[in-house]
Every structure is written in C-alpha cells, then in structure tokens.
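A.B. asks: One structure, as structure tokens, below. Some questions next.
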Amino acid sequence: MQALVLDGKWAPRDGYEPTVAEREGTRANNSSAVWRHPKLRIEERDRPTPRDNDVLIKVRYAGVCGSDVSMTETDDRGYMHYSAYTALPNVIGHEFSGEVVGTGSDVRMFSKGDLVTAEVTDYCGRCEMCRRGFTGHCEQFEQLGFTIPGAFAEYVSVPEKLLWDVTPLRDAYDSKNELLRAAATIEPSTITYNGLFGRAEGIRPGDYYAFHGVGPIGLTGMNVARAAGAGAVIAFEPSPARRDVARALGFEHVFDPAETPPIEAVAGVTGGSGVDVHVETAGAVDLTYPSIENTLAEEANVVHISNAGQAAPVDLRKYQANTAQIYGSEGHTGDRIYPSVIRLMASGHIDNLPIVTSTFDLFEADEAIERAAERVDGKVLIEI
Ligand SMILES: [Zn+2]
Ligand SMILES: [Zn+2]
C-alpha cells in the first residue's frame, strides 16, 4: 500500500539530555530537541496485519493537522518545530474516517463494512494514570500517526477500544462520501469539546465566546460553541482566507486583530460585559493573552489549547479581579467526548464540511502538507 512517511535525523541538541526511553529507541518525548531535518516521502509499505484486538481500516479521508505541519517545519538549525512525542520513521496522520475491512480474533464490537473514526491515544488501561481515569495521559501510551503508524495510508490498523462508529452521521449527510468527509473532522472538534466541557467549568448557554486564532481547531471549536448555545462567537484571525471561512460558516463577528483591537471588538459585541469563554487556539501567546486579560467577563473561563513553546506574559491580578480561571486542555480521550461530538454532527447542530477548503489525493499527500503550511485553509483533507 501507499503511505506518507515522515523521517528525520536522530541528533539530540547540545546540552539536551535524552530520557532513557529516548536513548533506547528512536522515540522522542521532545521532538524539537531531538529530530533534525525532517523529510516526507511517499513509500510503498506492506498492508498492516491487525493484532488480536485490532481492526483493519481502509482509510477514506484523513485531515492534515497543525501538528503534521509542525513536524515538517524546522528552526534555523534544522530542528523540528513539533515539540511532543514522535517515533520516526512513521506513517503520520491521525484525523481520519474509513471502513472496516478486517478484524483481529478478539475484536467484538466492529465488523466488516462499519464506518468508523478513531481516538488518537492508545492507552494501556493498567498504569496508575489510566487507573485514576487519566487515560489521555497514560504512562505507556502510543499515539496514532505520532509514535505508531497513522492514517495517511491506504490502510491503518487501530486498537478496537479507540474506534467509534460514525454511521449515525447518515442522518445529516445524503451520501456516504459526504458522511466520510465530515467524519474526518470529528477529531479536531473533540479537541475544543474537551477543553470547553471536559476541562473548563460552569460554561452556560448564552455565554459569549472569543476564539483567538481560527485555523482548523478554532473553526471546528466555533462550531462546537455555537452548538452549545453561545450568546455570540467572536473570532480573531490575521489570515483573510481563514476569516472568510469563518464567515462562510455563518459567523458575523470575525475580526483581524491587527485592524480592530480586540478590546474594541469585544466591547462592541458584548456591550461591555466582556467574554465569558476565551479559547486560545493561536499559539501567539504574547499577543493573545494581553487581549484576553483585558476582556474578561466576571468568572470568565480561559481555555488554553494551542501548544506553542514560548511562555505567555500573564497578569494574574486581572484573573483575580475578575474571578477568572485558565484551564489547560490537551487531547480528547474518554469522558463521553467522541460520542457527544458524533451526536452533535448527526443531529445537524455541527456541520464541519464548509471548513474543508482543499482536498488532495494520497499520491500528492506531501503537497497537501505543504498547502496546509501556508495556513490559509480551513481544513486540508487527503482523499484515499
Ligand atoms: Zn490533530
Ligand atoms: Zn496507561
């Protein structure tokens, strides 16, 4: 089968002490400190053989994520931008939909022909973190498309416990093809869903939201916020193309923060009461946090989702004065998150299809990632 493989040179930075696990294998905990000169290639690989608990899926659509892009981008010394876990060479891609074509001997819940998507983090279920309920932070996790083979390939083998049936989406989409395109956008929606309703507390229908940065995560998040009964959704985004995608989704309060100062924009939309739910999905923390702090409603929630490396300048007194709180949020594992997003999409409360602005074939998957790196699209999909 064809697959898009990312490779790189194992070259820990001077002064960086690799962990024991990092020294033993080719798995990096901090990819930006270890991998140099990352390169993509389209490769002919054997079709994976599912283990006893695995399901073999014929991939139909796979979305390009910001993390896929940052795995291919480097600093001026050639080190990868992406700072979390990777084991290279690996087939990347983790936001996907497809059809079950084979099952291991112990698989019980899925059979051939089922349409599915998957969670990204494979957790052991045995370690202390798993048993305390934090499966997303399993001590022995693997991640599809990061440390184990992912979905930019004709086939992917996935542990059964990570799969979700997406056939309920047929209530919202006329064709199987549209259903599968939409299903490939479930994963990014779960990221904000987790931030807003898994992590933050006390968010209510009628709350005012502001999204700082509306790339794929911000855009899918705005759809989640609207479905949750937002009083208004405000978007700040420097890219004109992305602002257009936000408007095409039906959002009216869409601003270029360089042109309209966020304080002014928020005052106009909220009548001076401020933003109840701020969502940081830009990664430009030196710009976004000063705006966030000056537009906090009483008891505001600030949900931090981006994973930029630099530290944010945070004026704690402003959070204290507004009884506001910052919630860090990462991933999307467990906690009713996938099934809830699937219900919202099946009922028509969320439609992510207008966010998909470019589609590439698998044989041009490397071009799809270059295109996503231009940061003008809503979501770039690869059709397989
Ligand atoms: Zn992603
Ligand atoms: Zn575990």
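The values are calculated or read from the model by the stated rules, or taken from the named source; none is laboratory data. Nothing here was measured: the structure is a model prediction, and the numbers come from that model. Every residue, glycine as well, gets a Cβ built from its backbone with ideal geometry; the counts of neighbours run over all protein chains shown. When the accessible area is computed, the model is the full protein with side chains, heavy atoms only, and any ligands, DNA or RNA have been set aside. Shrake-Rupley method; radii C 1.70, N 1.55, O 1.52, S 1.80 Å.
A.B. asks: Conditions first: (1) in contact with a Lys or Arg (Cβ under 8 Å, 6 or more places away or on another chain); (2) in contact (Cβ under 8 Å) with a residue 40 or more places away in the chain. PHE360 passes all but one, so which condition is the exception?
C.D. replies: (2)
A.B. asks: Sticking with this structure for a sec: Can you work out which of the residues in the stretch 291-310 that are of a type in the set (A, V, I, L, M, F, W, C) and within 21 Å of the chain's Cα centre (by Cα) is surrounded by the fewest Cβ atoms within 10 Å (Cβ to Cβ)?
C.D. replies: Going through the stretch 291-310, the residues of a type in the set (A, V, I, L, M, F, W, C) turn out to be 292, 296-297, 300, 302-303, 305, 308.
When the remaining residues are screened for being within 21 Å of the chain's Cα centre (by Cα), the result is 302-303, 305, 308.
On the way: VAL302: 24, VAL303: 24, ILE305: 25, ALA308: 17.
Step by step, filter the stretch 291-310, then rank; the result is ALA308.
A.B. asks: Working only within the stretch 14-27, note down all residues that are more than 30 Å from ARG60 (Cβ to Cβ) and open to solvent by less than 70 Å² (accessible area, probe 1.4 Å).
C.D. replies: Result: TYR16, PRO18, THR19, ALA21, GLU22, GLY25.
A.B. asks: Every residue in the stretch 1-13 that is open to solvent by 50 Å² or more (accessible area, probe 1.4 Å) and either touching a Cys at 6+ places or on another chain (Cβ under 7 Å) or not hydrophobic (A, V, I, L, M, F, W, C) (or both), please.
C.D. replies: Once the filter is applied, which keeps residues that are open to solvent by 50 Å² or more (accessible area, probe 1.4 Å) and either touching a Cys at 6+ places or on another chain (Cβ under 7 Å) or not hydrophobic (A, V, I, L, M, F, W, C) (or both), the stretch 1-13 yields GLN2, LYS9, ARG13.
A.B. asks: Can you name the strands (runs of 3 or more DSSP E) wholly within the stretch 265-382 that have at least 3 residues being more than 30 Å from ALA184 (Cα to Cα)?
C.D. replies: Of the strands (runs of 3 or more DSSP E) lying wholly inside the stretch 265-382, those with at least 3 residues that are more than 30 Å from ALA184 (Cα to Cα) span 296-304.
A.B. asks: Working only within the stretch 135-147, note down all residues that are more than 15 Å from ligand 1 (Cβ to nearest atom) and either assigned to a strand (DSSP E or B) or open to solvent by less than 10 Å² (accessible area, probe 1.4 Å) (or both).
C.D. replies: CYS138, GLU142, listed by residue number.
A.B. asks: Let me ask something else about it. Scan the stretch 49-98 residue by residue and report those that are touching a Lys or Arg at 6+ places or on another chain (Cβ under 9 Å), within 15 Å of GLY8 (Cα to Cα) and part of a loop (DSSP other than H, G, I, E, B).
C.D. replies: ARG77, GLY78, TYR85, LEU88, PRO89
A.B. asks: Still on this structure, please answer the following. List, please: which pairs have Cβ atoms under 7 Å, are six or more places apart or on different chains, and start with a residue in the stretch 57-72 that is in contact (Cβ under 8 Å) with a residue 24 or more places away in the chain and among the aliphatic types (A, V, I, L, M) and end with one that is open to solvent by 10 Å² or more (accessible area, probe 1.4 Å) and outside any strand (DSSP E or B)?
C.D. replies: Sorted first by the residue in the stretch 57-72, then by its partner, the pairs are VAL59/GLU154; VAL59/ILE384; ALA62/ILE384; VAL64/ALA372; VAL69/ALA372; VAL69/ALA373; MET71/TYR82.
A.B. asks: Let me ask something additional. I'd like the full set of residues that are polar (S, T, N, Q) and open to solvent by less than 20 Å² (accessible area, probe 1.4 Å), limited to the stretch 28-40.
C.D. replies: Result: SER31, single match.
A.B. asks: Right, another one. Every residue in the stretch 154-166 that is away from ligand 1 (no atom under 16 Å from the Cβ) and under 27 Å from GLU44 (Cβ atoms), please.
C.D. replies: GLU154, TYR155, SER157, PRO159, LEU163 - these are the residues of the stretch 154-166 that are away from ligand 1 (no atom under 16 Å from the Cβ) and under 27 Å from GLU44 (Cβ atoms).
A.B. asks: Okay, next question. Of the conditions (1) at pLDDT below 95; (2) within 16 Å of ligand 2 (Cβ to nearest atom); (3) of a type outside the set (Asp, Glu); (4) out of contact with any His (no Cβ under 8 Å at 6 or more places or on another chain), HIS81 fails just one. Which one is it?
C.D. replies: Going through (1) at pLDDT below 95; (2) within 16 Å of ligand 2 (Cβ to nearest atom); (3) of a type outside the set (Asp, Glu); (4) out of contact with any His (no Cβ under 8 Å at 6 or more places or on another chain) one by one, HIS81 breaks only (2).
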